[in-house]
Structure formats: C-alpha cells, structure tokens
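Structure record follows, encoded as structure tokens.
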Amino acid sequence: MRAHRGSIIRNIDWISIIIYLILIIAGWINIYAAVYDENHQSIFDISMRYGKQLIWISAAVFIASVLLIIDSKFYSAFSYIIYGLSMASLIGVLITGIVSHGAQSWFQIGNIRLQPAEFAKMATALALAQYISRDSFSFKNTKDFILCFVIISIPVILIMLQPDVGSALVYSSLIIMFYREGLNGIWLLFFSTLIFLFILSLIISQTVLIIIIVILTIIIYRINTYKFKQTAYAIAAAVIIGLLSYGILYFSDYSININYIVFFAALTYGFTGFVIAIFKRNKTLRIFASIMILAVLYVMLVNYFYNNILKEHQQHRISEVLGIETDPLGTGYNVNQSKIAIGSGGFGGKGFLNGTQTKYNFVPEQDTDFIFCTIGEEWGFVGAFLVLLTFLVLILRIIWLAERQRSVFSRVYGYSLAVVFFFHVIINIGMTIGIMPVIGIPLPFFSYGGSSLWAFTIFLFIFLRLDANRLEIFR
Amino acid sequence: MDIYNRRKYLIIAIIIAVFVLIVLRLIQLQIFDPTYKIYADNNSQRRIIQYPPRGLMYDRNGKLLVCNQIAYDLMIIPRQMSSFDTTSFLKDMQIDKNDFLERLQKAKQYSYYRPSEFYKQMSKEQYAYFQEHLYKYHGFYVQARSLREYPIAIAAHIVGDVGEVNTEMINNDKYYTIGDYAGKSGIELTFEKYLRGEKGVKIYLVDVHNRIQGSYMNGEYDTLAIPGKNLELSIDANLQEYGEILMRNKIGSIVAIEPSSGEILAMVSSPTYDPNLMVGRQRGYNYDSLLNHKDLPLYNRAVTAAYPPGSIFKMAMALIGLQEQVISEYTSLPCDKNLVGCHGHPPNSNLMRAIQYSCNPYFYVVGKRIIQQGKETSIFRDSRIGLEIWKKNIVSLGFEQKFEIGIPSVYTGFIPGPDYYDKIYGKHRWAYSTIYSLSIGQGEVLVTPLQMANFTAIIANRGFYYMPHLVKKIDDKLVEAKYRQKIITPFEKDCFEPLVEGMYAAVNEDFGTGGLARVKGLDICGKTGTAQNPHGEDHSIFIAFAPKENPKIAIAVYVENAGFGGVWAAPIASVMIEKYLTDTVTNKWSEKRILDANLIENESTQR
Ligand SMILES: [Zn+2]
C-alpha cells in the first residue's frame, strides 16, 4: 500500500495540481472581493459567502485526496454504474428538488444545496470513455454512433426538463472529443449549424430566416457548380413559386399568416428542386434540395416548439438566455453593467477591494455567474489576461496529458474534461464581455458554490489519478 | 493504431484561437474603448423605480369612487452615506435620535448597497424640506409613491384596500419587491393584475455628491411605467351611499341587483367603515381597532354571513311544488295550526294567497308533498328520494353555490341533503316530520344575503339569472363572458306567475305581510321573512323587486335582531327601491323612522 501511494506521488502530474490550487485560491479571494462587506471583514467569516466558500474548498481538497487513493481501475469498472447513479440523481431532482431561479435543479440537504447536473458531466464522460474504449468501437458503425449520442442525450434531456438550458448546452462541447476519436468532420459542421440555426430562428423572424436559407442555398449551389444558367432558373423558380403561393393563399379567403405562406413556398420550392434532381440524376442538386428542405422544416419546428410547447416562463428563460428581451431589470442590463465593470478596470485595474461597479450590486450574480467582472474591474487587463492564460495552460496541459495516455479510456475521459472545461470558461467569460449569449453556467473554480467546485475537482482528479497509472493500465 | 492522432492539432488550434479572440475583446474593452470608463468614473447609478398610477374605480354612472394621492418616501442607501449635520436633520424630520438610529440600523440590516425605506409617507412639510436640502445628505433620496384615496367614503367592503406586500407575495410573484403595495382585499385584490399596471425604471447617473448628473446611456435602458387599468363597477354610488346611511346603527346587509344583467347595484354590509382609514400612516392602528371591534365592521356580511332564510324560502317551496306537480296554482289548503304555528289571516284560497299571507301550515303541507311523494312505501326511503329532488332544485336557484362576483371570500351557504341527515339521524331514520322546518326556511338551511337577492332576481326574471358581479368594465372592455351568459333555471316560466302575484299582493293588498313596503305607482313585489334567532331578537328579512313588469331592481334586506320582516326590512327595501327608481323618497315618515332607529343592542355609534 505504501509503495503504491509512493508511486502516485511520483507519477502524479504536479503541474496540474499547482494550477488547480492557484485557481481555487484566486477564486476564493475574488469572491471575497465581490461580496465584500465592511461589517464582515474577516475572510473566514462563515456567515458570508467567502467564509462558506472556504468550507467548500476544504471539502474539495479532501475529496481530491481521497480520489487519488482510490485504485484507477475502479473508474473503468464502475463507469456505467456511476453514470446510472448520476442519471438517477437527475431524475430525483426533478421529483424532490427545490426550485431556484426558475429551475428545479437543487437537492437541499440540511443547509447544503447540491446541483446534480454539475456532477453529471463527469459521469457522462466516464460512460463515454468506457463505451468508446471498446476494441470494436468505431464512429463509422451506426450503432456505436447512435449509442454515443444516446449517452449524451439522456442527461441533456433530463437537465432541459429542470429547465437549465445552460448546463444542458455544455454537452455540445463533447462533439470536439468525438471528433478527436474519429467522428467525421462533417458532423462537427452539422451540429454547429444546428445550434446556429436554433439560435437564429429564435432571434430572427421565421420568414426572414427561411428566405435567407433559400438565398444561401442558391448562392452556395452556384459557387459549387459554376452553372449560371441553372442558377438563373433557380432564382426565377423561387420568385415564381413564392408569388404563386402568395396568390393562392391570398385569394383562398383565409386570412393566412405571412409565415405560413413563406414556409409553404420554400417547401414547394425545395421539393420541386428535389424532383428535378431525381429526374436529371443530379446528385449535387439533390443534396442541396434535401438540406434546404430539412433546414426549413427545422426552423419551423424550432419556432413551433418555442411558441406552442414551451410555457411562458420557459420562453422567457430562453429569450433571456439569447438576449432577445431587453428587460432593463434582466439580461440586457446585466451584460451592460458587466461590460462597464470590466471596461472600467482598464489596464492595471482599480486594485483589490477598490472596485466600485461590482461593489454596489450593479452587476447581478456578481459572485456566481458574473464573477469575472470583479477580476476585470479590480485587476484590470493584466489580471484578466493572467486568469485566462492560466485556464488556457490548464486546458492544454490536460490535452497534453490525454494524448500521452496509452489507454483509450483515459484519453477519452481526458479530452471530455478538457472540452467541458473549455466550454465553461469561454462561455462564461464571453458572456461577461458581451460576445456570448447569457447562459447561466459557472466559471470553474471561481464562481461561488459548492456543486461546481466539487464537480470540477472530482472531474479533474479522477483524470489525474488515471494519468498517474497510465503505464500500469497498459500492462 | 491511433489513426486520428493528428486531429489534436486542429483542436488545439481552435482552443487557442477562441482564447485569443477573448483576449482581443478584453484589450478592446479595457484598454482602447473609453466609453465604459466614463460611465464608471466616480459615478454610480441610481435606479429609480417608476411606480405606475394604480387603476381608478368608477361607479356605473361614471362617479369616481377610488383614486390616487401621491406620497413621498425617504429612501436610504447606507453605503453612500457620509457624515452630515444630524442635528438639523433630526430637527427638520421631527424625529428623535433613537428613532433615527433605529431606522438606520434597520436599513443597514437589509442591505448596505440596496435602497430601503428610511421614512415612509413623509408629511408635506418634511417633503418640502427634503426637496431643498437633499444635497446635504448623501445616501438619501425621495421616492414618490401613489396611495389610495376615496372621494366618497363608501363601499369599503367592495373596493377593498391596498397594503404593503408581504414576503410570501414577493416570493410568489417576481413583480413585487419589498415595499411595494398591492391589493389586500375586495376588488383591489381580485383585480390586482389589472389595477397595478407595469412598473418602469429610470436609471440616473449620480456624482459623488449624490446629485443626479443625467440619465444613464441616454435612457436606453429606461422603461416607462404603464398605468393600471381603470374599472367601472356595477355599483350605483348614490344608492350604495343611501343604503349605508339607512343601515347605520343596525347590523345586517342590503344587496340590490339589476335582474336583467346580474349587475350588483348596491351591496351594503353594516356596520361598515370609512375606507380612508385604511390609507397612510394610520393604517395599522385603524386596522387593528376595526379588527377588534365587537360588531366586526371588517366582516362583509352581504357575502360571508349565512343566515336561515325564513319565510323567503316558501317561495322556493312553491316553485318546486309546482315543478314537481304536487300542487297547482289553485291548490287550497287550510291553515291548520296543529301542524305548525301561524298568525291570523283569511283562508288560503289558492297559492297566491298563501304567499300573500305567508301561511306556515300551507307550506308545511307543500313541503311534505315534495319530500314524501309516495314513490316508495317506506316513508324513510321516500323522504330520502324526495329530499334529493328538493336539494337539486334548490341548488339550481343559486343556493349553496359560490358566486365569483369579483371579491374574494364569498361563502357558499349550506343546503342540507340526504347524506347530511343520514349522518345526524342515521340512514333511513328520518322522514319529513323530522326535517319539516326546511319548508318554512328555518332549521339547517343557511343562505347569504347575496343569494337571497339573486333568488329575487330569478323570480323577477321569471326563471333565469346572470352571475351577479361587481365589475362591469375593465378599461372600457366588458368583463368576462361568463357574466353575460344567461343562466336558465329548470323551472317553467308559468310557475313564477303565482309567486309574482303573491308577492305583489303581500305588499299592495290588505292582509299582506309587507304592507310597509308599499309605494304608490311603483308596483313593488315583496316577501317578508323572519329568521328565528335562539340568541335574541329574531332577524328581519325582506326581498323585493320592482316594477312588477320589466323589473329594474331586485333587492334583499337582512337586519339582525330586528324582529318580524315586515317591520324593519320591508320599509328599508321600499325606500331603497324608490330611491333607485325615482331618485327621491316620498315616504319621509318611513325614512326618518329608519334613520332614527338604533337596532344594535347597546348604544354604539360605530358607523
Ligand atoms: Zn296560516
């Protein structure tokens, strides 16, 4: 036993651990600055959030040490069980969880609140690692392909039901890991398009979006084929079908929404193209027509889902997430305040505890989702850059470690960790500086709260444990 | 083996590219773009909530019942305070030092950074002083709020009151924040969502001296407050006021309904109170003293008090008897005082006369014929079937039903059915002889004055009614369709004629029980009732409508401890009807008699 432990200390990646410690301490000090109160100046005052965070941190360090002691074979042997338990906890929270910020996401155990969705990421990564590391696995195999997405879909659906769109979206980052493991690059493009279209169809009016899709299809087709004549025909056909549909529906005595007219016209146009493609055996045209039809249907479905299936408060949440609603008490205001706080930090910052914008509660959630504001305001560009750099180094370090694994299991798990971490960091920081939609996900190791801290600690230290055993597993 | 090894380079490239993008954005935001620094430079913002004016309430003739007055709260943000001349502050605010420190401590406990109320509803003098001297006191500012005002102090039970929201309301509805006002009772509560409007916000930049420097981002993030919607009530303010005056020094209620629409013209519950008492700094004190008053002035008797209906119920018995064909309008029955007591009157030659004389034995027999129709040989089984039929019919007349008239806590009343008596006497252990007092409206039956008025409207309409309601229009839009839906009772139109004739005769012919309600030319039809009160003097009841054809008003009057229905309730109903129909009262003698009467046991001048 002692020899075993010794080998861990020798083999463990101390660089990652040091970065981890730097991040959690920096996070703690920032929470102190964010909720600083003249009446409770002691950073150890446990009636305040920074005092509580210290308790979370101590527990996290303890958990990390325990994880390093557990045999690494445990994680591959129990990966599906851990996944199953995690999914059960997501179902459990839908039944017995408490509601906060409009989502039923938390278990309340005494004074402690835990958010099972935070831990589900790690569990999903384990299950994926186990599945992908099978000898026969290949993304070219349809069954394997589908099962990978099923493993992801279960937590995504369960989290969406809470509803916590932010936490659910995190799983989209795993596609980068799939790509590394052999997923066709087309899929990367496909999914980014789906997400992009989803957001667009809620931001832009459906009609405008469908028209843009039709025009884009024609343009790209034209670039692809260099056939001017065909393009001209296509444009003419689009205009004629559009006018015809308008005419038919206009004179058909029903007062029909322009949305339906455009939708109907676009579909007719797509199907016409598809039929022509079949007659002329034109494969390119067939693909373009199919993609266009699917895109139009998808936009329609998203709109239908949003308007008819989602309840009002859910719509509210999504539009707030996407920044469609400029509620001065809501999202638009937050981001603007956040930008002011960060922008006013300047190059060198205002100094520790000297921030004004983040002190006066101008930035809501300034110790959780908008914690980066305090960094930006008090430590300026220098501080913000250093924090970003530290995150980047940690992510690249994890990828480097993942690449040196000899087992596929460890590599898949490591990549999952890296991309989830990456997603959290860029979405969270991007949101505070106004280049990403406002999705309520925490900044790892910085945002106040135990669930996120513990979950990322466990996520990271399981990987470090796997890495410490990388030679053993190969045997 | 690992054929996709080279893909790591693309992934690393993507990650680094995104980080570079964020860094570039940070450089732009923090180093090159001065806009955000300007906003933050020694400036802080003040968000002033723009409270919308609460919707007003008018009566059916456009008379203003409820409006708003402006009050000013002194707000404080403890973090922005700096030392100032406390002596002059205390002197001009007229508060002492301990009070000052207590208020300050309370605000600090709430939040150092968020505004809270330091002093609510300042007097005009305090406000004037502060407008001038605000610059001296950093961390303080004045917030305007609107309070209710009642130009005519009537209908307190109907309009309800407005008060500060409690924690529960704040948690349930994110619209509210601490210190907001919301409807607490009556129409103010039921129509809160319409009346409150939508809050707006104005964001100002203030300098270190707490002076407003201008609007933030040129008002881009400001929103306008949307005023609450105005309500037009069905109440006739003149009639309501008159009814309240008549009911002074009496306990009871008056409900008047327009039969052709279900609109409630007046709803008096006595004793009542001046709604202006529920406004302003004295609200808490006044509320407590009203709450603890022995005559329960806060209690809306018109919809929450349930009484036995007394002889009024004979009308319902007559209707059911005709509908079940156990009697006809020609049925003549002797006044057999062995069955149940009665007073001296000419013989009941037909149903109409029996109603005119309100003969107890007559309706005892009608009740028996309804409850024991002989469908079963066992009188116990038979009574069970009969009572089931009876209850179904009674309920169809609006009894034991909850009317959503536009104010909360409307009571359903109680109509006993077979299950109820099974529980008391045991199954098949009771028959008509056990429960006969139902037939003359005594016993377990409980109805509210509102239900009695609605029943009167059904008779006036000869068979249908509209859900009684208090609000006609919301911002010129008619209220919900459910209030405009004719509700047709299962009784034939013909069944109502003998009732109407009987009620007409009861008021307008000799030996009628409601002679005191007679007014020449108005064709008032009415019915007296007296509810036995084991605790004291009987309750006096009268229902009436007028005119006989195309009735314009149906009314129920209930006066507690006032004895026989014809003595007090009938004249009150009569002058109310006359007031509504002709806007004058000719019978000055009757009016004076009512106004002078004090029917509350010990002398109390509670209004
Ligand atoms: Zn008699």
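Any read-out appearing in this document is the output of simple, stated calculations on the displayed coordinates, not a laboratory observation. All values reported here derive from a predicted model rather than from experimental measurement. As a convention, Cβ positions derive from the backbone with ideal geometry for all residues, glycine included, and neighbour counts pool all protein chains shown.
Here are the numbers:
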item	result
Partner chain coverage, peptide A:388-396 - average Cβ within 10 angstrom	3
Test item: A:370-380 mean partner chain Cβ contacts at 10 Å	1
Stretchable slack from B:ASP92 to B:ASP173, in nm (0.36 nm times residue separation minus alpha-carbon distance)	25.4 nm
Percentage relative contact order, region B:48-233, counting C-alpha pairs under 8 Å, at least six apart	33 percent
Dipole axis of region B:48-233 (+1 Lys, Arg; -1 Asp, Glu on Cβ), positive-most option in B:TYR51, B:VAL162, B:MET93	B:TYR51
Global geometry of region B:164-203, whether rounded, prolate or oblate, following the gyration tensor of its Cα atoms and the 1.5 cut on a/c	oblate
Order by protection proxy (mean Cβ within 10 Å, highest first), peptides A:169-176, B:75-82	A:169-176, B:75-82
Two-decimal Rg to Rh for chain B - Kirkwood Rh, Cα set	1.16
Rounded tilt (10° steps) of B:569-582 against the dominant C-alpha axis of chain B	70 degrees
Cβ-placed point charges (K, R +1; D, E -1), dipole of the protein assembly as shown about Cα centre in debye, nearest 20	4000 debye
Neighbour cut-off at most 15 other Cβ (10 Å), DSSP loop, chymotrypsin sites (Phe, Trp or Tyr not before Pro), region A:32-116	A:PHE44, A:PHE78
About the Cα centre, charge dipole magnitude for region B:48-233 (Lys/Arg +1, Asp/Glu -1 at Cβ), debye	120 debye
Sparse-neighbour loop sites [trypsin sites (Lys or Arg not before Pro); region B:230-316; at most 16 other C-beta within 10 Å; DSSP]	B:LYS294
Shape call, the protein assembly as shown: gyration tensor on alpha carbons, a/c limit 1.5	prolate
Total charge dipole magnitude, region B:143-191, about the Cα centre, Cβ charges on Lys, Arg, Asp, Glu only, Debye to nearest 20	80 debye
Residue mean of other protein chain beta carbons inside 10 Å, B:11-24	5
Length-normalised contact order of region A:204-310 in % [C-alpha pairs under 8 Å, at least 6 apart]	33 percent
Computed helical MRE - 222 nm, chain B, DSSP H runs ≥ 4 contributing -39500 (n - 2.57), nearest 500	-10000 deg cm²/dmol
Cβ-derived FRET efficiency at R0 56 Å, A:ALA59 paired with B:SER409, nearest 0.05	0.65
Estimated [θ] at 222 nm from DSSP helical runs (n ≥ 4, -39500 (n - 2.57)) normalised by residues in chain A, nearest 500	-23500 deg cm²/dmol
Packing-based order for B:487-495, B:302-310, using average beta carbon neighbours within 10 Å, highest first	B:302-310, B:487-495
Relative contact order of region B:350-476, pairs being alpha-carbon contacts under 8 Å that are 6 or more residues apart, as %	26 percent
Tilt relative to chain A, helix A:372-403 - C-alpha long axis, 0 to 90 degrees, to 10	90 degrees
DSSP bridge pairs, the protein assembly as shown: antiparallel proportion in percent, nearest 5	95 percent
